[in-house]
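Presented below is the structure to which this report refers.
The values are calculated or read from the model by the stated rules, or taken from the named source; none is laboratory data. Here the structure is a predicted model, which is why all the values come from computation and not from measurement. We place every Cβ from the backbone using ideal geometry, glycine too, and count neighbours over all the protein chains shown.
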Amino acid sequence: MKIHVDTLNSRLETDNPDILRALYALYSFKIPGAEYSAAYKRRQWDGKTHFISKSGVFKSGLLSRLLADLKKIDCEPEIINNTWKTLVPEDFSPQDSHIDGFKYYDYQEALIKDGLAYKRGIIKSPTGSGKTLIMAGLIKALSGRKMVILFNAKQLLTQTYDFLTKTCGMDDIGLCYGEGYIYGDVMLCTVQSIERILDTHLEEAKVLMVDECHEFANGKTTLAALRAFPKAVYRLGFTATPPSESIPQYNLEGALGSVLEVVNTADLIESGKLTKPIIQIIERPYTASGVDEDMSYLDVYEEYIVNNDSRNNTIKELVNDIKKQNKNSRILVLTKSLDHGRALEDLLGDNCEFLQGCDSIGERYNAISRFRGCGDTSILIGTKILQTGVNIEEITHFINARGMKSEIATIQALGRALRKHESKELVYVYDFLDKEKYLREHSLSRKRHYEREGHTVTVC
């Protein structure tokens with residue numbers, strides 16, 4: 001057996017058709033909802049996505065996973081045309097990754113070393129662990145060649161650009177988003193603007209990095225971006241929460257490689273680099289009295305979370321209790337919908353601000369500044385815009401008012417509150433055990449997500 005490896009796609013060659021058939025089946029996953037498609041009903045499609053074709057072609061990032069699976073049957077194939085290693089000239093060696101003014105923690109140094117050694121992979125770095133500094137170290141070590149760093153949000157791009165240029169003092173950093181364009185050998189680019197840099201970087205970029213890469217694991221546009229840049233021998237993603245579901249997991253690994261992890265959230269808390277959370281889940285009474293049985297999820301969510309006066313008043317009472325006990329508290333409240341955010345803003349009063357996606361960068365900056373200080377704003381409400389990419393170390397209390405079951409969203413949101421600050425020794429986290437249709441299952445899922453991160457959870 002042989003495996004012909006290239007930067008993007010590889011091919012398994014064997015005289016044993018049974019192995020190919022077995023791998024084709026093993027690397028196939030049913031797409032949710034496929035049974036409702038016309039092609040499936042006409043039996044023109046099996047309703048699955050296949051990560052190894054019948055002829056043995058697969059995305060090169062899955063090579064490590066494939067080799068591990070083959071080893072289980074005592075099969076060690078010959079690797080041929082290993083271009084993902086040889087594209088880099090033999091006389092090239094990474095430069096020093098040191099950046100003046102910074103000292104890497106051991107785990108940061110280890111992840112930089114692994115990224116340089118393996119050349120591809122998903123760098124799993126918990127929220128608050130200094131992911132951007134790890135990225136900066138890799139950029140420094142690989143300087144001298146064209147790079148593309150992809151972002152799914154303008155805010156994350158501009159924050160990273162400021163960090164690299166102003167804090168780290170790096171030159172030749174470019175950016176591309178919307179109407180903004182600055183050329184550089186290292187191009188920071190939103191996925192929505194990627195076509196604007198293809199002429200200068202598509203055939204020349206030797207390095208591809210992807211920030212918050214879990215956001216790219218689904219969707220035709222984002223996946224196409226991951227699979228571009230055919231000469232990028234270094235292909236590295238960054239995330240605190242790699243997807244756990246098979247299809248997005250294999251999509252991401254296929255484009256970037258296996259997960260590289262040397263530290264988890266519990267390790268960082270134990271070593272004092274993150275704040276320990278005290279997590280309480282507030283048990284709610286079942287109020288539907290059976291009327292939710294025929295309701296859709298959206299209707300249940302609107303009725304028993306967004307417009308649930310009792311639940312919202314519980315949040316108000318909780319906030320009031322917190323303020324009585326700690327007048328300097330900084331309370332973050334996350335919601336899923338704008339309507340829920342507006343309802344809570346009206347309920348929580350004058351010391352509260354609600355950040356929305358329609359707010360400008362300046363408005364967001366000013367609101368966060370007021371919140372971080374000791375001024376009038378002590379309660380900040382937000383939707384997804386506060387879930388990632390916002391560093392507010394001063395958060396003392398976090399109320400997850402959204403519901404939902406997503407592991408990524410839950411852990412990303414929790415990470416907002418765990419950053420260290422001199423004003424706090426602990427951070428207090430509140431969630432809800434809702435009992436209506438769909439909501440109970442989602443509440444228990446979130447509890448499991450917290451516990452899998454190594455946190456103790458109390459239901460009260």
Every listed condition ((1) assigned to a loop (DSSP other than H, G, I, E, B); (2) at pLDDT 90 or above; (3) under 26 Å from PRO248 (Cβ atoms)) holds for ASP171 save (3)
Is one or more of the residues making up the stretch 27-38 aromatic (Phe, Trp, Tyr), within 27 Å of ALA228 (Cα to Cα) and either surrounded by 11 or more Cβ atoms within 10 Å (Cβ to Cβ) or in the same structural domain as LYS220 (by TED's automatic domain parsing) (or both)? yes
> Quick one: would you say PHE92 is outside any helix (DSSP H, G or I) and modelled with pLDDT of 95 or more?
Replying inline: no
Considering only strands (runs of 3 or more DSSP E) wholly within the stretch 276-364, the ones with at least 2 residues that are outside the structural domain of LYS437 (by TED's automatic domain parsing) and surrounded by 17 or more Cβ atoms within 10 Å (Cβ to Cβ) are none
Of the candidates SER143, SER97, SER129, the one satisfying the condition of being of a type outside the set (Val, Ile, Thr) and touching a residue at least 60 places away in the same chain (Cβ under 8 Å) is SER129
For the stretch 424-449, pairs from a residue that is more than 25 Å from SER244 (Cα to Cα) to a residue that is of a type in the set (Lys, Arg), with Cβ under 9 Å and 6 or more apart or across chains, are LYS424/ARG330; GLU425/LYS276; LEU426/LYS276; VAL427/LYS276; VAL427/ARG419; LYS435/ARG284; GLU436/ARG284
Note on the stretch 99-113: residues assigned to a loop (DSSP other than H, G, I, E, B) and surrounded by 12 or more Cβ atoms within 10 Å (Cβ to Cβ) are ILE99, PHE102, TYR104, TYR105
Checked the stretch 290-336 for anything out of contact with any Phe, Trp or Tyr (no Cβ under 7 Å at 6 or more places or on another chain), of a type in the set (A, V, I, L, M) and touching a residue at least 60 places away in the same chain (Cβ under 8 Å); matches are MET295, ILE305, ILE315, VAL319, ILE322, ILE331, VAL333, LEU334
Filtering the stretch 395-423 down to residues that are more than 23 Å from GLY454 (Cβ to Cβ) and surrounded by fewer than 19 Cβ atoms within 10 Å (Cβ to Cβ) yields GLU422, SER423
